[in-house]
Structure formats: C-alpha cells, structure tokens
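Report on one structure; see the data block that follows.
The values are calculated or read from the model by the stated rules, or taken from the named source; none is laboratory data. Please read these numbers as outputs of a predicted model, since none were measured by experiment. Here Cβ is always computed from backbone atoms with ideal geometry, including for glycine, and neighbour counts include all displayed protein chains.
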Amino acid sequence: MEKIKLEDCYVSEEYGFILQDPLVTLPDYYKPWTDIAGNLVTLIETKKLQDEVRKMPELDIKHLKGHRQLRLARLTLSHIVMGYVWQNGETEGTKVLPRNMAVPLYIYTQVSQILGLPNLSTIVSFPGVDSMQGFVWYTMLVEVGCHPAPVKDNPNMPEGLVYEGVSDEPLSFSGGSAAQSSVYHVLDELLGIKHHPQSADFLFKMRRYMPPAHSDFIRWVIEAPSLSEYVVKSEDPTLLSSFNQCISTLTELRSLHIRIVSKYVNAAGVRARMKKNQTENPGHQERGTAGSQVMTFLKSVRDTSKDGMLRHSTPGDH
C-alpha cells in the first residue's frame with residue numbers, strides 16, 4: 001500500500017482537516033472584495049449589497065499566492081455570492097451572477113482542483129451572526145467546506161444560477177454542509193460504517209466539494225486493511241471495547257448534530273413561516289444546507305453509525 005504524508009493532504013495531527021493558521025487579510029489589490037465582505041451584514045440588511053457588487057471591478061486571481069491566500073479569496077467570494085443571490089429573501093433569489101463575481105469564482109474553482117477548497121469560518125459574517133456562529137462552530141468540529149451559492153436541489157431556484165461570462169446555461173452547486181466534512185467520511189471509512197444506499201449516495205456526491213487532497217486521504221483510508229476485521233480477528237476484549245467506544249462517540253456526535261440542526265434549521269424554518277402567516281404542515285421537513293431532507297438523512301446516518309458496533313465473540317461463534 002502506498003504511503004501518504006499528512007502534510008501533503010493538508011491534514012495535521014493537532015488540527016485534523018482544519019486549515020492551520022488561516023489568513024484573515026488579502027493583498028491590497030483585492031480591497032474591493034474585502035471591503036464588501038467586511039460590511040456584508042449591513043449591506044444585506046439595507047438591501048444594498050447587489051448595488052455595491054455591480055460597481056466592483058472584475059479582479060484577476062493571478063495575484064493570489066499560495067493555497068492560504070487562495071482559500072481566503074474563495075471564502076470571501078463565496079460569502080459575497082451567497083449574500084448577493086439571497087439578498088431579498090429565500091423566495092426572491094437572483095437568477096444571474098454578474099461576471100465580476102462569476103468569472104474569478106469559476107477560475108478559482110479550476111485552480112482549486114489542485115490546491116483545494118477553503119474551510120468555512122466566521123471571518124466573514126452574515127445577518128443573524130450569533131446563530132450563524134453557533135451553527136458554524138459546531139460544523140468546524142467536522143470541518144465543513146464552503147462552496148458556491150447553494151442553489152442545487154433548492155426549490156426556490158430549480159433552474160440554477162447563470163454565471164455571467166462563464167456559461168449561458170444555469171449551473172447548480174450544493175451549499176456548504178457537514179455532509180462535506182472530511183473527518184466524518186474518514187471516520188465512516190475507518191470504522192467500516194455502512195450507510196443505507198440513498199444516504200451513502202448523497203455522502204459520496206458531497207465528496208466532490210471537498211479539497212482534492214482530503215478526498216485523496218479518504219481514498220487512502222478506504223484502501224487500507226479493514227480496522228474492524230483486525231479487531232474481530234484479534235479477539236482482544238480491550239481492543240474491541242476501544243473500537244466500540246469510538247462507534248459510540250461517533251453516534252453521540254451525530255445525535256448532537258441532529259439537535260443542532262433542529263435548533264438552527266427546523267426551528268428557524270417554523271418561525272419564518274409563522275412570520276409569513278403560513279400554516280405549519282406537520283409533515284413538512286426542512287431541507288439541509290446541501291439540499292437533503294435533513295432529519296431523515298441525519299437520523300439514518302446516526303442509526304447506521306450505531307450499527308457499526310462489534311459484538312463480543314462467544315464460544316458458539318467458533
């Protein structure tokens with residue numbers, strides 16, 4: 001089996017998949033981006049963000065040096081794009097992204113196939129910053145990725161978004177989601193968790209949004225000898241107990257994720273519909289940030305994680 005270096009995959013023993021010592025400023029050339037990003041909350045609340053974005057020059061990413069500057073640039077652009085698209089609310093998303101945002105974001109995406117994508121943080125803020133930080137800081141535990149404006153599988157934008165100067169046809173991308181977390185996928189593969197086909201298919205699609213180096217690391221784990229098989233064959237009670245404790249902890253983490261989503265997604269959705277005087281449908285289920293039927297999916301992957309427990313062997317097993 002081919003050896004792999006953690007640093008080549010942007011993985012560290014101390015921080016896992018989180019980018020260590022991320023930058024918080026870009027070169028002065030990108031001041032038009034950083035000025036808007038630093039004022040996103042006010043611009044969105046006053047409905048002035050789209051006007052300010054249209055005034056921006058089209059900047060070239062060639063002045064960005066190294067993966068840290070590129071990651072911060074992607075983070076900055078992604079937040080501006082999401083704010084631009086949804087400035088007027090979830091039912092009034094814009095259909096076209098102007099080329100001064102679309103072209104550099106698209107070019108960056110091509111570069112990111114080599115250098116990887118950024119980790120989501122609260123360097124850039126949105127309205128409702130306290131709630132956002134609560135949600136983001138949880139997902140920072142699972143290194144959630146941040147991606148182009150979340151319009152894929154979004155019923156409020158079924159056709160997608162036109163990236164001016166890139167494509168005449170609408171394009172669709174999933175939004176940032178803990179399902180894109182590299183560490184969740186690594187733990188699933190390491191511990192031999194087998195999800196139901198629909199959930200597994202969704203998780204596999206989310207790997208497209210990970211840093212390529214992280215995907216390479218996950219493939220390396222998949223190709224490694226099976227840990228669960230080794231534990232079973234060892235017939236070591238202490239080793240089996242330690243393995244099952246890992247399964248239990250992963251299950252508890254996913255249960256925590258369900259509680260967090262219930263607070264920050266489901267409850268928020270109910271409040272939003274109540275403000276609009278919409279009747280609550282008992283069967284209604286909020287969609288996750290990547291378009292999933294959130295509670296069905298989260299409970300499914302939680303339960304299959306629990307099923308990864310190994311049982312103690314008995315004399316009748318041999």
Among helices (runs of 4 or more DSSP H) entirely within the stretch 162-245, at least 2 residues that are surrounded by fewer than 16 Cβ atoms within 10 Å (Cβ to Cβ) and modelled with pLDDT of 90 or more occur in 197-206, 212-223, 227-234
Subject >> Test: K62 is at positive phi and either touching a residue at least 24 places away in the same chain (Cβ under 8 Å) or assigned to a helix (DSSP H, G or I) (or both) >> reply: no
D8 fails exactly one of (1) within 30 Å of V221 (Cβ to Cβ); (2) touching a residue at least 12 places away in the same chain (Cβ under 8 Å); (3) in a loop (DSSP other than H, G, I, E, B), namely (3)
Exactly one of P237, P197, P225, P212 is out of contact with any strand residue (DSSP E or B) (no Cβ under 9 Å at 6 or more places or on another chain) and either of a type in the set (S, T, Y) or under 16 Å from F17 (Cβ atoms) (or both), and that residue is P212
